[in-house]
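Novice: Here you go, one structure.
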Amino acid sequence: MAEVAADAGADGPVDARFPIRLVVLDLDGTLVGDDVGIGPRTRSAVRGALGRGVDVAIATGRMPSSAMTYAGSLGLTAPLIGYQGALIRTMPEPGRKLGRILVHTPLSAAVAREAIEWARSRGLDPHLNHLERFIIRADDPMLDDYSRFTGARAILVPDYDVIDHPVTKILAPGEEGLVAAALGPARQAFAGRAMVTISHPRFLEFAAAGVSKGRAVRWLARRLGVPLEQTMAIGDERNDLEMIAAVGHGVAMPTAPSEVRSVARYIAPPFEDEGAAQVIEGLVLAGRAAPANAERLRQPRSGAA
């Protein structure tokens, strides 16, 4: 297993070139909604891209094992980016549940304990993820909900002061207003020691310093031999900002926060209309018509603010 060098190469805007040869998709809010299903138009668009030799990958804040079902159902073979890029695995070989770990960048135990106490002091209720395990207090009232969402069996602990080894991620849920208000102070308090982001309006997340989907997408593009100029990334939340900014064809869902839309080259149609599928159709599958379609999707369609 390897760690990825810190965010080297993010020197500024990347030019866009056609054809697009790599598509990286966020999961929740981009590929799947509250019903956790992938729409038929999206499935068809992804199959069409794969049929043309385009690499397609998922980049999510979830643990990789929670996202592998979706990747497998779409026929994806590219490595799966989990935990905002802190853990990258190959897709599993036949007969195996998990793929090989390619990258793992954990958060130190000391910083993890400090982040937990900091989150609690702000009214948030954190739990931990390490590799494909999630670690939670035995008395957490959301235990069953988290278990259903992740599809993983929880490791129950009396409290988090028992953590004496690095962990992959901390998830600190809370009310939307509390999470939004905590982001800036958390980034200031943990600058240079942890990455802090929001993956959902109610989820504040901590991972090792330097971790981001943007760094992971740059690593993946190098591994696959695809220039960033010919890479597309689609996402809808603050944790997608770095990967949208890192590639030539960065796409924000229309519900994304303004700071995410401001770094995107394109704004997708609404999720309810399978917007990610429409972008793939227009920019990946349209052949020579792709540049014209790109102009229709270009920022600002509804403004970056």
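Novice: Once phi is turned into ³J(HN,Hα) by the Karplus curve 6.51 cos²θ - 1.76 cosθ + 1.60 with θ = phi - 60°, what whole-Hz value does each residue of segment 241-246 show in order, with x for glycine and proline?
Specialist: After applying 6.51 cos²θ - 1.76 cosθ + 1.60, I find 4, 5, 6, 5, 6, 7 Hz.
Novice: To continue, here is another question. About the Cα centre of the chain, how large is the charge dipole given +1 on each Lys and Arg Cβ and -1 on each Asp and Glu Cβ? Please answer in debye to the nearest 20.
Specialist: 1080
Novice: Okay, next question. Would you please give the residues with an amide H less than 5 Å from that of MET195, counting only those at least 5 places away or on a separate chain, with H modeled from the backbone geometry?
Specialist: Correct list: ALA207, ALA208, ALA209, GLY210, VAL211.
Novice: Only Cα pairs under 8 Å and at least 6 apart count here; give the relative contact order of the chain as a rounded whole percent.
Specialist: In percent, rounded to a whole number, it is 20.
Novice: Give a residue-ordered list of calculated ³J(HN,Hα) values for segment 92-101 (Karplus: 6.51 cos²θ - 1.76 cosθ + 1.60, θ = phi - 60°; whole Hz; x for Gly, Pro).
Specialist: Here the 3J(HN,Hα) series is x, 6, x, x, 10, 7, 10, x, 5, 6 Hz.
Novice: Same structure, new question: Can you give the relative contact order of segment 177-296 as a percent, counting alpha carbon pairs under 8 Å and 6+ residues apart?
Specialist: It rounds to 14 percent for segment 177-296.
Novice: What does the highest-first list of 165-176, 34-45, 198-209, 287-298 look like by mean Cβ count within 10 Å?
Specialist: Per-residue mean Cβ counts within 10 Å order the peptides as 198-209, 165-176, 34-45, 287-298.
Novice: How high is the FRET efficiency from LYS97 to VAL36, r the C-beta distance, R0 30 Å, rounded to 0.05?
Specialist: For R0 = 30 Å, the calculated efficiency reads 0.95.
Novice: Further question: What's the extension gain from ASP161 to ALA181 if we count 0.36 nm per residue and subtract their Cα-Cα distance?
Specialist: 4.6 nm
Novice: So if I take the alpha carbon set of segment 187-245, get Rg, then get Rh from the Kirkwood formula, what is the Rg over Rh ratio?
Specialist: Here the Rg-to-Rh quotient is 1.03.
Read-outs: derived from the displayed coordinates by stated rules, not from any lab. From a predicted model like this one, the values you see are computed outputs, not experimental measurements. All Cβ positions, glycine included, derive from the backbone under ideal geometry; neighbour counts span all protein chains shown.
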